[in-house]
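The values are calculated or read from the model by the stated rules, or taken from the named source; none is laboratory data. As the structure is a computational prediction, the values presented were derived from the model and not from experiment. FYI the Cβ positions are ideal-geometry reconstructions off the backbone, even for glycines, and counts take in every protein chain you see.
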Amino acid sequence: MPSDRLFEEIDGLIAAGNNHWKKEGDEYSFSIMWGNGMPTPKGEHDSDDRIFEITITMGKRSGEIRSGAW
């Protein structure tokens, strides 16, 4: 189970203006796209067009990871 500390850390990132993390109720999500003119994260190739998303919910044992090319 994700710890309360993890959610506190994510809340801190959201408060600091990290635009990749969002919160709706008890659901937290991280989403990033790159390629096709969007900045590429460190360690990724400029020629790749990708999407990566994570969703976790307080009180739930599992989350969801989605990734792909576009």
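Before we move on, is Ile56 modelled with pLDDT of 95 or more and surrounded by 14 or more Cβ atoms within 10 Å (Cβ to Cβ)? It is true that Ile56 is modelled with pLDDT of 95 or more and surrounded by 14 or more Cβ atoms within 10 Å (Cβ to Cβ). Among the residues of the range 27-52, those that are among the charged types (D, E, K, R), in contact with a strand residue (DSSP E or B) (Cβ under 9 Å, 6 or more places away or on another chain) and at pLDDT below 95 comprise Glu44, Asp46, Asp48, Asp49, Arg50. Look at the range 1-21: where a residue is farther than 13 Å from Ile56 by Cβ and a partner is modelled with pLDDT under 90 and surrounded by 15 or more Cβ atoms within 10 Å (Cβ to Cβ), sitting 6+ places away or on another chain with Cβ atoms under 8 Å, you get His20/Ile32.
Can you name every residue in the range 13-35 that is more than 14 Å from the chain's Cα centre (by Cα) and over 16 Å from Thr55 (Cβ atoms)? Listed by number, the residues that qualify are Ala15, Ala16, Gly35. Which of the residues spanning the range 14-35 are at positive phi and surrounded by 11 or more Cβ atoms within 10 Å (Cβ to Cβ)? Correct list: Gly35 only.
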